[in-house]
Amino acid sequence: MNAPAELTAQQAAALAHVKAAEKAATQIPVAGDVEPREIRRAAVIGAGTMGGGIAMALVAAGVPVTLIDADDAGLQRGLQRIRDNYDGSIKRGKLDDATRDARLALIAGSASIADVKDADIVIEAVFEDLGLKQRIFRDIDQHAKDGAILATNTSGLDINEIAAVTNRPQDVVGAHFFSPAHVMRLLEVVRADPTADDAVVTLMNLGRRMGKVAVYARVYPGFIGNALFRNYNREAHFLVEDGALPHEVDAALKDFGYAMGIFAVHDMAGNDVGHQTRKAQMATRPNDRRWNDLIMKLVDMGRLGQKSGKGWYRYEAGDRTPHRDPEVEQYIVDESARLGLTRRPISQEEIIKRCVYGMINEGAKLLEQGIALRASDIDIVYVTGYGFPAKRGGPMYYADQIGLANVYRDIERLYAEYGYWWKPAPLLEKLAASNGRFADL
Ligand SMILES: NC(=O)c1ccc[n+]([C@@H]2O[C@H](COP(=O)([O-])OP(=O)(O)OC[C@H]3O[C@@H](n4cnc5c(N)ncnc54)[C@H](O)[C@@H]3O)[C@@H](O)[C@H]2O)c1
């Protein structure tokens, strides 16, 4: 009878941790007397999914925006999507006509990068391609005014390599928004090696002005959020090859507290997101470790997710409810055989451990390398940007509750069994040995 009350106390403590983490994230390592730069006007380059959302988030905070795309067709598409988005909000009773009109009036469109000239901050959101982004930053460098912040919304490219093509690398910073950018609260503020303190502080402040939770990170593949996500995602797919079916993995994650399981999320986002990048990486990836290509095979089979009526699940027309699909389940079983894997029943406990402990181990690596400042920063990234259940406090907090010695023991066991991806982070090993906690670092 005591269990529910006990659980509630634990959950309350976790929620209090999340609240405190949000506050702690505002403290960043810059000289005390840094004056933020003034942001009166912004330019956003790339009027796609992210650029449009970022523009909407900026004008909602009262910052006028020039939205720039490569040509007029791209621009008009982007502007129309913004109008459709507002109209959708009006239909749902979330916005009134006057507010929509006021916000639209703050968005100017352009097909010329020279129009960044009046912006105090330029946020680039073109395709995820380093060469293209470098070309855009050379152009921005030509036209932006002195002292403008030059931000990139890259999901994980090396921002040092972007900063290096400009004559003002101190002004270049990562502004990693999440999709949809006018809704999602998380903003990773990514400091590159040359980024000036006041550029970082200005972006942190602007993030807060936009109602975001701004979290400081350093350059690292995927920064904080996507670095952990890689581990979560990889294990979920390995679990499916090892014997679990998508609905079993998703059910375990939902029981843990996620609103949606990862395979349902893939189907919602589209299994083709990142497909080209993944395909391109296949040629050069090291073959001393296990990889997972199931999602690429699903795309090749036309199983893109909700939009094609089938993915990891099947969907009825006009309905987003995932239904088990014997066809894809048989395919998965056949794939395991083809890979020489003997499928076995997999418990909920194993599903959670493999999905969550991989994130914890990666989080420890980020902390020891200074990519993330605090364990609580990783927690807040996960709770605000990746749907990690707030009542669990975030992956690092969750690890502290289980006890790092326990987490470490399991990770060692997983390393012995599965190798490469599970190599324990030295920091985790050290804390486990000294009865330490991430929270005390
Ligand atoms: N979609 C996401 O969930 C997400 C989340 C976080 C970050 N990101 C990152 O945001 C960036 C944009 O992603 P997206 O999903 O919005 O892509 P998208 O394809 O929806 O939009 C990209 C836009 O850039 C425009 N563009 C391309 N070349 C251009 C040029 N030379 N000049 C001006 N505009 C140009 C395109 O016309 C298009 O409108 C990428 O770096 C991506 O990694 C995406």
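The values are calculated or read from the model by the stated rules, or taken from the named source; none is laboratory data. All values reported here derive from a predicted model rather than from experimental measurement. Here Cβ is always computed from backbone atoms with ideal geometry, including for glycine, and neighbour counts include all displayed protein chains.
Could we say that residue 370 is surrounded by fewer than 20 Cβ atoms within 10 Å (Cβ to Cβ) and of a type outside the set (S, T, N, Q) here? Yes; evaluated as a whole, the condition is true for this residue. Considering only residues that are under 18 Å from the mean Cα position of the chain (by Cα) and more than 24 Å from residue 60 (Cα to Cα), which ones fall in segment 193-212? Correct list: empty.
Please find, within segment 60-85, the residue that is farthest from residue 99 (Cα to Cα) out of those that are among the small types (Gly, Ala, Ser) and more than 8 Å from the ligand (Cβ to nearest atom).
Selected residue: 73.
Among the residues of segment 277-322, the one identified as farther than 25 Å from residue 242 by Cβ, surrounded by 14 or more Cβ atoms within 10 Å (Cβ to Cβ) and basic (Lys, Arg) is 307.
Per-residue answers, yes or no, for (1) farther than 21 Å from residue 182 by Cα; (2) at pLDDT 95 or above; (3) aliphatic (A, V, I, L, M); (4) surrounded by 14 or more Cβ atoms within 10 Å (Cβ to Cβ):
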| residue | (1), (2), (3), (4) |
| --- | --- |
| 30 | yes, no, yes, yes |
| 39 | no, yes, yes, yes |
| 43 | no, yes, yes, yes |
| 55 | no, yes, yes, yes |
| 65 | no, yes, yes, yes |
| 72 | yes, yes, no, no |
| 87 | no, yes, no, no |
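Number of residues in segment 394-436 that are touching a Pro at 6+ places or on another chain (Cβ under 8 Å), free of Cβ contacts under 8 Å to residues at least 40 places away in the same chain and within 21 Å of residue 256 (Cα to Cα): the value is 1.
Do the conditions hold for residue 416, that is, is it among the small types (Gly, Ala, Ser), exposed (fewer than 14 other Cβ atoms within 10 Å of the Cβ) and either part of a loop (DSSP other than H, G, I, E, B) or modelled with pLDDT of 95 or more (or both)? The answer is yes for residue 416.
The test for being touching an Asp or Glu at 6+ places or on another chain (Cβ under 8 Å), charged (D, E, K, R) and more than 16 Å from the ligand (Cβ to nearest atom) does not hold for residue 92. Tell me, please, whether a residue that is touching a residue at least 24 places away in the same chain (Cβ under 8 Å), in contact with a strand residue (DSSP E or B) (Cβ under 7 Å, 6 or more places away or on another chain) and closer than 17 Å to residue 53 by Cβ can be found in segment 87-103. Checked segment 87-103: no residue is touching a residue at least 24 places away in the same chain (Cβ under 8 Å), in contact with a strand residue (DSSP E or B) (Cβ under 7 Å, 6 or more places away or on another chain) and closer than 17 Å to residue 53 by Cβ. Checked against the criteria, residue 254 counts as at negative phi and either out of contact with any Asp or Glu (no Cβ under 9 Å at 6 or more places or on another chain) or not in a helix (DSSP H, G or I) (or both). Within segment 350-395, restricting attention to residues that are within 27 Å of residue 9 (Cβ to Cβ) and in a loop (DSSP other than H, G, I, E, B), the residue that is nearest to the chain's Cα centre (by Cα) is 386. Among the residues of segment 261-278, the ones that are within 11 Å of the ligand (Cβ to nearest atom), outside any helix (DSSP H, G or I) and within 17 Å of residue 321 (Cβ to Cβ) come to 0 in all. In this structure, is residue 357 surrounded by 16 or more Cβ atoms within 10 Å (Cβ to Cβ) and in contact with a Ser or Thr (Cβ under 9 Å, 6 or more places away or on another chain)? So residue 357 does not fit the description; no.
Could we say that residue 203 is assigned to a helix (DSSP H, G or I), touching a strand residue (DSSP E or B) at 6+ places or on another chain (Cβ under 7 Å) and away from the ligand (no atom under 14 Å from the Cβ) here? So residue 203 passes the test.
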